[in-house]
Amino acid sequence: MKQRKTILSGMRPTGKLHLGHLVGALESWVALQGEYENFHLIADYHVLTTNLDSSGIQANSIDMTIDWLAAGIDPSRSPIFRQSHIKEHAELHLIFSMLITAARLERNPAVKDQVRDLHIENITYGHLGYPVLQAADILLYKGELVPVGEDQVPHVEISREIARRFNTQYGVVFPEPEPKLTRFSRLPGLDGKRMSKSVGNTIVLSDPPDAIQQKMRGAVTDPQKVRKNDPGRPEICLVFTYHQKFNAGETAEIESGCRSGALGCVECKHRACTRIVDALTPFRDKRAYFDAHPGEVEQILNDGERRARLRAQETMAEVHAAMKLG
Ligand code: TRP
């Protein structure tokens with residue numbers, strides 16, 4: 001019996017990561033490193049499902065790798081690798097695509113949301129198959145747990161169905177992966193809505209301190225707290241959420257100061273900002289190191305890809321044997 005469960009975590013490389021990624025995903029990935037065996041996938045092919053322009057993918061993958069390393073992912077313990085560099089993803093995706101109906105994929109609420117949000121009129125075959133490729137990502141490494149937010153749970157459910165279908169058809173090769181919901185859900189963005197690059201309401205992890213200060217100054221607070229001494233409602237204020245996350249020791253005082261009107265938004269934001277800047281300082285330093293050593297990053301990816309490929313090849317050998325494909 002294997003000692004530790006396997007985690008497969010993944011993200012699409014769409015640019016520099018923001019505070020929401022750190023709090024919603026990266027912190028838990030780092031925390032899980034000791035307890036589980038981790039594989040960290042850069043889902044670069046998945047980018048093509050919503051954007052055919054591939055010119056930025058390579059640079060974004062490197063940037064994301066640096067963000068992961070700076071956040072504390074230890075590549076000697078957990079391989080970091082690009083999906084496109086391991087051909088077995090494409091092969092397993094093809095086999096899996098036979099094991100699920102088009103109707104099932106059309107019912108997937110996560111893809112439906114995307115079609116609505118991005119105003120897609122005619123979905124491509126590959127986009128519809130997004131969760132099938134994701135199932136291949138997870139099952140190629142026999143991932144048992146997948147750290148995801150609420151919105152990704154339907155995708156993981158499809159992975160489970162595909163694993164089950166394969167196992168009944170050809171013999172048991174795959175585990176049925178389970179979502180591992182990240183504990184602290186995503187931080188709100190500077191406008192109070194979900195933090196997202198496309199909305200432009202993010203604090204980017206690599207932002208210099210003065211950029212963070214400037215962004216924080218523009219953060220939306222309780223609209224009823226117009227003047228400094230008006231009482232505010234911390235429970236609806238995104239800045240208060242930031243305090244809860246980055247300034248746990250002072251939240252009680254901030255909360256009562258806000259409610260009574262003793263604490264104005266300008267000072268409150270300033271204090272939150274100072275804590276965020278402090279929290280990100282080690283991140284920024286580590287990031288600067290890797291930015292200055294691109295060869296090392298390349299080496300980390302090559303090494304991660306070598307290790308991931310070995311595991312992927314082992315799984316594909318089992319798949320071929322189960323399917324009697326020689
Ligand atoms: N679907 C994920 C996202 O949009 C990215 C992803 C691709 C992924 N393959 C994965 C996540 C495998 C977890 C496991 O963020």
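The values are calculated or read from the model by the stated rules, or taken from the named source; none is laboratory data. This is a predicted model, so every value here is computed, not measured. All Cβ positions, even for glycine, are placed from backbone atoms using ideal geometry, and neighbour counts span all protein chains on display. Areas reflect the complete protein model, heavy atoms only, side chains present, ligands, DNA and RNA absent. Shrake-Rupley method; radii C 1.70, N 1.55, O 1.52, S 1.80 Å.
Being within 22 Å of the chain's Cα centre (by Cα) and not aliphatic (A, V, I, L, M), is that true of even one residue in segment 222-235? No, every residue in segment 222-235 fails to be within 22 Å of the chain's Cα centre (by Cα) and not aliphatic (A, V, I, L, M). Scanning segment 1-22 for residues that are among the aliphatic types (A, V, I, L, M) and within 15 Å of the ligand (Cβ to nearest atom) yields 7, 8, 11, 17, 22. For segment 306-326, the tally of residues that are surrounded by 14 or more Cβ atoms within 10 Å (Cβ to Cβ) and not in a helix (DSSP H, G or I) stands at 1. Test residue 286 against the criterion of being at pLDDT 95 or above, basic (Lys, Arg) and open to solvent by 60 Å² or more (accessible area, probe 1.4 Å), and give yes or no. Yes: the conditions hold for residue 286.
Hey, can you tell me all the residues within segment 77-96 that are surrounded by 20 or more Cβ atoms within 10 Å (Cβ to Cβ), within 14 Å of residue 129 (Cα to Cα) and of a type in the set (A, V, I, L, M, F, W, C)? If the condition is that a residue be surrounded by 20 or more Cβ atoms within 10 Å (Cβ to Cβ), within 14 Å of residue 129 (Cα to Cα) and of a type in the set (A, V, I, L, M, F, W, C), then 92, 96 are the ones that fit. Restricting segment 137-160 to residues that are under 16 Å from the mean Cα position of the chain (by Cα), farther than 14 Å from residue 9 by Cβ and not β-branched (Val, Ile, Thr) leaves a set whose member that is surrounded by the fewest Cβ atoms within 10 Å (Cβ to Cβ) is 150. Could you tell me whether residue 39 is within 14 Å of the chain's Cα centre (by Cα) and buried (at least 21 other Cβ atoms within 10 Å of the Cβ)? Yes.
Just to be sure, is residue 44 more than 10 Å from the ligand (Cβ to nearest atom) and either in contact with a Cys (Cβ under 7 Å, 6 or more places away or on another chain) or of a type in the set (D, E, K, R) (or both)?
no
Just one of the listed residues (175, 131) is at pLDDT 95 or above and within 13 Å of the ligand (Cβ to nearest atom), namely 131. Kindly indicate whether residue 120 is over 20 Å from residue 182 (Cα atoms), away from the ligand (no atom under 14 Å from the Cβ), open to solvent by less than 50 Å² (accessible area, probe 1.4 Å) and not acidic (Asp, Glu). The answer is yes for residue 120.
For segment 149-171, check the following and say yes or no: at least one residue is away from the ligand (no atom under 14 Å from the Cβ), among the hydroxyl-bearing types (Ser, Thr, Tyr) and modelled with pLDDT of 95 or more.
The answer is yes, given that some residue of segment 149-171 is away from the ligand (no atom under 14 Å from the Cβ), among the hydroxyl-bearing types (Ser, Thr, Tyr) and modelled with pLDDT of 95 or more.
Against the list (1) within 15 Å of the ligand (Cβ to nearest atom); (2) among the aliphatic types (A, V, I, L, M); (3) more than 24 Å from residue 245 (Cβ to Cβ), the condition residue 59 fails is (1).
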